[in-house]
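Laboratory data are not the source of any read-out in this text; all were calculated from the coordinates shown. If you're wondering where the values come from, they're calculated on a predicted model, not measured in any experiment. Please note: Cβ atoms are built from the backbone with ideal geometry, for glycine as well, and neighbour counts cover all protein chains shown.
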């Protein structure tokens, strides 16, 4: 697929409601950029409460019929959708790269994970076999039979972040609709071009009107969805501060809520780690996607001699990273997704330096090609002499920054790792089965990795998080079966 498939300007984006692209009754317009050149490529309408009302009405009406369709038939739509995603995969990857700032390689990776989310949903009939029926559960005459069934609930809102504009909505959409619900997606206002385009694939796959809807907008649009009386549940992925607000607002209204939130993922580097493979894996983990992943490592904790053994190797490897325009083939790391995000990361670096940290590599000084000077670039940054209590060691950066904290022992490293207020992932690099086992057992995080920087579970596992990395009871991915259905127990006796 050629870059010619991309547009320099997508104009004012449309909502997708009741199977059609429609103009929003917007209360304002926001700008969406190609972050690699700092140029506006789309206008994003801030959808009003009226837009939300129309979308909810469409989804609610569609639910009445869609929920009655047998699950096997609903799966056939999903199979057609999967085929269309594969057919359009390169176009989608390029569009994601253009609007998010990911490299083409990373865009392709997101599309592949989207396909895997569909594959996981195709296994729902097997998961559905948790339905049980017991004959003659009570003595006497006549007999009493009892069974438990699962039923869809209605209309769900899916509020997604900027860093995976297609994959994260598709964590939830295939599960929700294949189980018989209908959905309304509210994408990030930073980069909604790919998912707005993606809606056409549901139409082409033959889904009935109203099963999948999309309203563009900002936090006010999300609030309209959360407060709507006919929205039965909300799935959200994003920062912890926003997750806490959404969880409180939705749960107080009696809605189901699933909020995957922020992180400060610690990486413990032991002296006995395998050198070359560990260094390569750590560097790509920290700096791929310019660090804009909730699963990205956030803090490197070197134990004892590991600092002297590995840090120089890490610095030399990071110096070889090519930062550049995301659609160029030789680019390793693209820009940040927004100028606001870049300012935040730079501010955190500067605060760390004021608190006593030192730069081993200063990404603020990275020289980008003059052609792309208007882009939102920040080179990889490595900060040394970081103490565990500094903001840069405690808070999520969401940028290409590696803070290094030194620990004298495994026990001290584990204490530092567990003292973070987030609990998304924890990683250890070691050749010791003892340390690996102890870390896996005692690290207080939902996803644990040994000798791999990004602890990303496959779609057929849940996506657990702890502490301020998660709000709710049920997690993303396979837990969606329980989130998007409710159980009903039916007892029968016949005279």
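At-a-glance table
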read-out	value
Exposure proxy order (Cβ contacts within 10 Å, fewest to most) of 274, 114	274, 114
Simple spin-label estimate for residue 204 and residue 308 in nanometres, 7 Å along Cα-Cβ	6.0
Taking 73, 23, 415 and counting other C-beta atoms within 10 Å, the order from fewest to most	73, 23, 415
The chain: angle of helix 49-66 to the longest principal axis, Cα-based, in degrees nearest 10	60
The range 1-73 - Debye-derived log10 I(q)/I(0), Cα point model, q = 0.13, 0.20 Å⁻¹	-0.58, -0.88
Pairs of Cα atoms farther than 37 Å apart, the chain, %	31
Taking the range 311-435 and dividing mean pair separation by its residue count, relative contact order in percent (alpha carbons under 8 Å, at least six apart)	20
Residues residue 151 and residue 495, FRET efficiency given R0 of 22 Å [Cβ-Cβ distance, rounded to 0.05]	0.20
Extended-chain gain in nm, criterion 0.36 nm per residue less alpha-carbon gap, residue 412 and residue 229	60.9 nm
When the convex hull of its Cα atoms is projected in every direction, mean area for the range 296-402 (nm²)	7.0
Between helix 433-442 and the chain: long-axis angle, C-alpha atoms, 0 to 90°, nearest 10	60
The chain: angle of helix 240-251 to the longest principal axis, Cα-based, in degrees nearest 10	20
Proxy reagent accessibility, fewest Cβ within 10 Å first, across 294, 5	5, 294
Model label zone, residue 332; criterion: amide N under 16 Å from point 7 Å along Cα-to-beta-carbon; scope the range 410-442	none
Packing-based ranking, highest mean first, of 52-64, 349-361, 254-266 given that Cβ atoms within 10 Å are counted	254-266, 52-64, 349-361
Descending principal axes extents, the range 427-475, alpha-carbon based, whole Å	35, 21, 14
Three-way shape label, the range 1-131, alpha-carbon gyration tensor, a/c 1.5	oblate
Fraction of alpha-carbon pairs over 22 Å apart in the range 265-450 - percent	42
